[in-house]
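Report on the structure given below.
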Amino acid sequence: MKRFFSIVALATIVSFGLSAQNNFEFGEDADFSIRKGAFSAETVSYVAFGDHNIIDADADFQNNKGKALTEFFMNIVELRVHPYETGMFTLGVDFDWDYYRLRNTYFWQPDASKEKVTIASMENSGLKRIKKSRLSVRTVSVPLAFEQSFDKFTLRLGAAAEYNFPAISRFKGETRDGTTLKEWKDGEHFSKQIKTRPFTYNVFGALSFGGIGVYVKYCPVTQFEEGFGPQFKSITFGIISGLGM
């Protein structure tokens, strides 16, 4: 049911954004006027790649086990309001993809319900080598931001509401008898329903020059429901492309 309402909300935002392509003007008797072209809707405006820096993590995740934590996101549609020529307010829809890899001899292990994931050690597991153990989370976010241009520089500040889909656990390794174990679709180490915290939020800022820049994002809410995955918060630093073009 939550997913249904999220899809309806997303469709509403997209439809509203597309309908805003028409220009709005107020009559002469209005108390104020909006210049022609002040409202617009844009398709894919920017993409970004970032590296998570884990903070406030529980001991199970903090002790030298969680690294290669990467984020990719792109803007799908954006409604823009230009109160003046060099500044604007934006309401958008983004798609985010985060993944969390474990290093050394550790791997993600879903439980029997496939809704909970823990950190397991290769010791006494029957595995000889771990090639890849990845936990990925897909998110649809709705960022509200203010953007200001200074010649070739563009500054963006805002906050975003997020809806997180269940996390996916994937695994690739080698057993002690030399058999390659790749679980992209099924198996003991695979799950596509790890329980995340459905609704979270973040605050962010970005600075670009000529369309290329850097961004920072702080997520003060843990990614997973308590008891269903590691508990942590994150600050993400990365590169953003297309902003201010």
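Data table
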| read-out | value |
| --- | --- |
| Filter result for the condition that a residue is of a type in the set (A, V, I, L, M, F, W, C), modelled with pLDDT of 75 or more and over 25 Å from residue 93 (Cα atoms), over 30, 68, 57, 41 | 57 |
| Test: residue in segment 198-208 that is over 13 Å from the mean Cα position of the chain (by Cα), farther than 19 Å from residue 95 by Cα and surrounded by fewer than 16 Cβ atoms within 10 Å (Cβ to Cβ) | no |
| Inter-residue pairs, beta-carbon under 8 Å, first under 20 Å from residue 228 (Cβ atoms) and assigned to a strand (DSSP E or B) and in segment 49-69, second modelled with pLDDT of 65 or more and among the acidic types (Asp, Glu), 6+ apart | 52/71; 52/98; 69/51; 69/98 |
| Those residues of segment 77-117 which are in a strand (DSSP E or B), surrounded by fewer than 17 Cβ atoms within 10 Å (Cβ to Cβ) and touching a residue at least 60 places away in the same chain (Cβ under 8 Å), in sequence order | 87 |
| Pairs with Cβ under 6 Å, 6+ apart, first in segment 222-233 and within 11 Å of residue 57 (Cα to Cα), second at pLDDT below 90 and of a type in the set (Val, Ile, Thr) | 232/54; 233/55 |
| All positions within segment 193-216 that are within 12 Å of residue 163 (Cα to Cα) and part of a strand (DSSP E or B) | 196, 199, 200, 201, 202 |
| Filtered residue count, segment 140-183, keeping only those that are outside any strand (DSSP E or B), closer than 19 Å to residue 88 by Cα and small (Gly, Ala, Ser) | 0 |
| One residue from 151, 186 being over 19 Å from residue 133 (Cβ atoms) and without any contact (Cβ under 8 Å) to a residue 12 or more places away in the chain | 151 |
| Pick from segment 209-238, criterion charged (D, E, K, R) and farther than 21 Å from residue 53 by Cβ, ranking: surrounded by the fewest Cβ atoms within 10 Å (Cβ to Cβ) | 226 |
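The values are calculated or read from the model by the stated rules, or taken from the named source; none is laboratory data. Being a predicted model, the structure only gives us computed values, none of them experimental. Note that we place each Cβ from the backbone using ideal geometry, even for glycine, and neighbour counts take in every protein chain shown.
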